[in-house]
Structures are given as C-alpha cells and as structure tokens.
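Below is one structure; the comments refer to it alone.
The values are calculated or read from the model by the stated rules, or taken from the named source; none is laboratory data. Computed from a prediction, not measured in an experiment: that's the story for all the values here. Using ideal geometry, Cβ is built from the backbone for each residue, glycine included, and neighbour counts are taken over all protein chains shown. Keep in mind that these areas ignore ligands, DNA and RNA; they rest on the heavy atoms of the full protein, side chains included. Shrake-Rupley method; radii C 1.70, N 1.55, O 1.52, S 1.80 Å.
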Amino acid sequence: MSAPASTAVAASPGAGFDTIAAVDLGSNSFHLMVARVSGDQLQVIDRLREPIRLGAGLDADGNLTPAICTDALACLRRFGERLRRLPPGAVRAVGTNALRQAGNSGRFLADARRALGHPIEIVSGVEEARLIYLGVAHSIPDDGRQQLVIDIGGGSTEMIIGRHYQPLRLESLYLGCVSHSLRFFGDGRISESRLREAELAALQELEPVLADYRALGWQRAIGASGSMVAVADALRALGLANGNITAAGLKALRRQVLKLGRVDKLAPLQVRADRLPVFMGGFAIVLALFEGLGLTRLDISDGALRQGLLYDQLDRIHNADIRDRTAAQLARRYHVDAAHARRVARTAQYCLSRVAADWQLADPQHGHLLQWAAQLHEIGLDVAHAQYHKHGAYILEHADLAGFSRQEQKQLALLVRVHRRKFATDEFATQDADTRPALLRLAVLLRLVVALHRSRAALRLPKFDLHAAGTRLTLDFPPGWLDRHPLTGADLAQEAQFLAAAGFELRGYDGGSSARSRK
C-alpha cells in the first residue's frame, strides 16, 4: 500500500530567515552570536559573552545550586531581550557538559526556556564535538589537509580529526578547565607536584584514545575556545609565540607559572580576570595534550561551538539537514525495509497534513519527528522480532546520532517505543508538560499509519480523508473499500481498541457502515 498522491513534506525550520542566532550554555561561560544570512554565507552582526560557570555550580549531589541557577537565568533573560524579535526556529540554543551532568537539569531547562524565550537542547558530547568541528572548519581556509581540532571546555574536552567539513573521528572526554582547576588548584596555590599531578590526571583521561588518534594522523592541529586562546595569549604576552601554541613555548610558560606560584599572581600573563580561576586547569590539559599526542605546534581558530550551531542551522535552511542523513544512514545500518519505510512515511505525512491545524501539529519539527519515526520504526527488527519496538527505542535513545539533541533522541525513541501493541502512555510521563500533548498525537498518527500498512503489500491506498476533533480521529474511506479489504478493517478495529484504552477514539467509515471504538 502507499499513501494518496497528495502528501505533506515537513518544511525546513529555518526557511525564509534572514537572521539567525546561536546560544551556547557552556560549563564555563554563556555565549550568544547573531548572524545575518546571505545565501550560503553568514555575517556575524552581534555577540555577547557572560562568565556563567555552571560547571562550578554543581553541589555534592550533582545538582545546580540555587545561586548558579539565579545567575544563569538572569543572563538568559538578558540574551532573550536581544533575541525577542527573532521568530521561533531562528534561534538554536544548546547546553553542554554541565547540563548533561546536572541531576536537576530538567527543572532548570524549563525555567531557562522561559527566560530565553526559545527552546534549549542538551547535546551529547559527540554531537558537541561535531558542531565544534563544523564551526572551526568554516573559520579556516580549507586546504584539503587532514586536521586535528581540540576544544577544552569547562567540563569536557572534544577532539576531532577531519578533512574539509567532514569529521572522521569524534571524541568527548570528561576533562574540562573548570573541573580540573577546582580539583588541583582550588585554593589558588601552584606547585610542581600539583601541576604534574594535574598533567598525569589529564593524560589518564586521554590515554584510551591517544593511540587511535596518532594512527589516524593529521597534517595540522588547531585549538579552539577559551582555554586554548588564554594559553596562546599568555605565550604572546611573554614573547614566546605569535598567536599560536608551541611545545617550546609551553615549557617556558610552565617555568614562569611555577615561578609565580599562585593563581592570583598570574597577571603578567595577561590572562583575562574572569578566566584566571580556570586558567591552570586548562593549562594542565594543554600540557597533557602536547605530551600525549606529540604535538609541536597548535594554531588557534576563532571558530567554535556557537559558529558550528549557526552553520548547522544554515544547512537546515538550505534543506541539507544532517539529521535526515543520519536517519537514512541508521536505516541502512539496521537493514530497514526501505520500500516499506517510504510507504509508511508518505502516509504519515499525508495524515499529518489532514490534522495538523486541529491537533496543533503545525510546527515543522512535528513533521520531522514523524518522518524520522516512520523511517526508523522497524530498526529493532535487526536485533530481534520479539519486542522489536523496545529494541529500536533503546538504539535511538542511546546511539550517537549526528545532528540530534538529547531531547530529540528521547522523543524519537518514545515514538518508536509506543508505535505498536499496547499504547504505553505511561512512557510519556518523562516528557515536558508542554511537549507531551503533541508527542501523544504524533504517536497516535504513527500507530494508525503502521496499522494501515500492516500487510506490507505495495498496494495503493485509496484516496481517504482523516479528521481530528479533540481525542477523536475519523477515517473516511471510499464506499465499499473496507468491505473489499476486510483484513485492513480488522487491523483498524484492533488499533481502535488499543487507542480507546489510552483515551482516544478511532472511527473508520465505509459508506453507511463503520467500525467504532468508544472510550
């Protein structure tokens, strides 16, 4: 079967935007960057930075403290003033390691979303690495050489090897300037034993990936973000380098730092005042990277996560969304029946087009989620047929999926988890209250479409209509069609029973007869 000829295609979330923005809720600072879109180019027109150290604001239980939440929300309200005139979808805001670790990140994000006025995603470490590489790759000349990109953040260090705009190897390590500074230099004292201990601890974190990275190789090495820039600035201040980082310069800087002996005496290095408390942790990580990777020189790029967010958004505007490529690659990897998945996806988009207005599903993201869920609802079959919907959900929630935020992965996994058998509505309890109704309705649509295509035959569905009113869905088939296809009618009747138990009513009409399931 296949959908009727008229189908809806999810529009690009950035279509028509002439200005876009990126917000980076880092573990050491918050950044806002606004850019004007001109074809496939971006012109940065505004940027803001505030030293909000989420990574240092975690209490002993791993929760963000009230004080850091207050500071963070005040910052986001200031950012929100700048973004007030930008429409939904023009702003991409992401949280990184501190929000990945915080036990109360869900509650904080609800408040943060209201303060900023735009949704905030939490990205995985690997996705953070991909976005960093994208930002760096667009900020340097593309000479075709294989390159190593390293970004030391407040709570994690990302290492990427890539060529052109394509990453070849991505890693995110639990190693950041905030956590490392608190652990080894929290009282401000600097000594040979402390610094060496910090270097060795960093090398231990790096150890599992060093051999693979050296084997893959690179022709140039590039550092990004605050810690790398701060070390490069210190080398420049001492006349040891000219805007880059060298092994010889690091040795001399190490001697100078030990001579000064305290964090509050590092002023001769011309380190920015708000960077001083986390400088030593970042410096120790840089020393470990040079030692472990055998680096002799590291160039500095002004591209980073926020630039990567902007260029990722630009790709979405031009319908080159990496999430679509990721979904297609995942379907191939798990041997999904491509023809059947296309039929389900086409019918799903058609059904969405019929009910989007009545069910408040007009956001392009709703179309994207339904499309990906339809493409991937059977990936669990590659594991086992029994409970394959659960296997598929596990894969989608826990795999590294390029372009997807953690929230998107959980939502996609949820749709696949509940697409068959008993409608497990209790699974929606973990979703935010403001997204739960839409996800429930998308799940109902996916279930309905899967039932329509249960025969897996390549027969064409007739031209049918679908109407939504509250919790009721009404199917309208041509007269006599269900009589000629009794198995499909039985499948719909069974699905109506599953939906009724979840508080939805499905009605299917064929001329004067109907198969109903009432609450």
Original post:
Failed condition for residue 394, given (1) more than 21 Å from the chain's Cα centre (by Cα); (2) at pLDDT 95 or above; (3) open to solvent by 40 Å² or more (accessible area, probe 1.4 Å), with all others met?
Top reply: (1)
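Do we find a residue being touching an Asp or Glu at 6+ places or on another chain (Cβ under 8 Å), at pLDDT below 95, surrounded by 23 or more Cβ atoms within 10 Å (Cβ to Cβ) and closer than 23 Å to residue 130 by Cβ anywhere in the stretch 308-318?
As a first pass, look at the stretch 308-318 and keep what is touching an Asp or Glu at 6+ places or on another chain (Cβ under 8 Å): 309, 314-315, 318.
From the residues that got through so far, the ones that are at pLDDT below 95 too are 314-315, 318.
This time we only want the ones that are surrounded by 23 or more Cβ atoms within 10 Å (Cβ to Cβ), so: none.
No, there is no match, as no residue in the stretch 308-318 is touching an Asp or Glu at 6+ places or on another chain (Cβ under 8 Å), at pLDDT below 95, surrounded by 23 or more Cβ atoms within 10 Å (Cβ to Cβ) and closer than 23 Å to residue 130 by Cβ.
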Original post:
Restricting attention to the stretch 233-252, which residues are part of a helix (DSSP H, G or I), surrounded by fewer than 17 Cβ atoms within 10 Å (Cβ to Cβ) and either small (Gly, Ala, Ser) or touching a Pro at 6+ places or on another chain (Cβ under 8 Å) (or both)?
Top reply: 237, 247, 248, 252
Original post:
Looking at the stretch 328-348, which of the residues that are buried (at least 21 other Cβ atoms within 10 Å of the Cβ) and in contact (Cβ under 8 Å) with a residue 60 or more places away in the chain is nearest to residue 472 (Cα to Cα)?
Top reply: 348
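Give 469, 496, 502, 490 a once-over and let me know the one that is in contact with a Phe, Trp or Tyr (Cβ under 6 Å, 6 or more places away or on another chain) and either more than 17 Å from residue 351 (Cβ to Cβ) or at pLDDT 90 or above (or both). Full working, then the answer.
Numbers: 469 fails: in contact with a Phe, Trp or Tyr (Cβ under 6 Å, 6 or more places away or on another chain); 496 fails: in contact with a Phe, Trp or Tyr (Cβ under 6 Å, 6 or more places away or on another chain); 490 fails: in contact with a Phe, Trp or Tyr (Cβ under 6 Å, 6 or more places away or on another chain).
Of 469, 496, 502, 490, the one residue that is in contact with a Phe, Trp or Tyr (Cβ under 6 Å, 6 or more places away or on another chain) and either more than 17 Å from residue 351 (Cβ to Cβ) or at pLDDT 90 or above (or both) is 502.
Would you please name the residue that is farthest from residue 436 (Cα to Cα), looking only at residues in the stretch 358-385 that are hydrophobic (A, V, I, L, M, F, W, C) and open to solvent by 70 Å² or more (accessible area, probe 1.4 Å)? Please lay out each step first, then the result.
Within the stretch 358-385, the subset hydrophobic (A, V, I, L, M, F, W, C) is 359, 361-362, 369-370, 372-374, 376, 379, 381, 383-384.
Those still in the list that are open to solvent by 70 Å² or more (accessible area, probe 1.4 Å) too: 362, 383.
Values: 362: 15, 383: 29 Å.
Among those that are hydrophobic (A, V, I, L, M, F, W, C) and open to solvent by 70 Å² or more (accessible area, probe 1.4 Å), it is 383.
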Original post:
Just one of the numbered conditions (1) touching a Lys or Arg at 6+ places or on another chain (Cβ under 7 Å); (2) open to solvent by less than 10 Å² (accessible area, probe 1.4 Å) is not true of residue 282; which one?
Top reply: (1)
Original post:
Of everything in the stretch 193-209 that's of a type in the set (Asp, Glu) and touching a Phe, Trp or Tyr at 6+ places or on another chain (Cβ under 9 Å), which residue is surrounded by the most Cβ atoms within 10 Å (Cβ to Cβ)?
Top reply: 205
**OP:** Could you tell me whether residue 411 is closer than 16 Å to residue 376 by Cα, buried (at least 16 other Cβ atoms within 10 Å of the Cβ) and touching a residue at least 24 places away in the same chain (Cβ under 8 Å)?
**Re:** yes
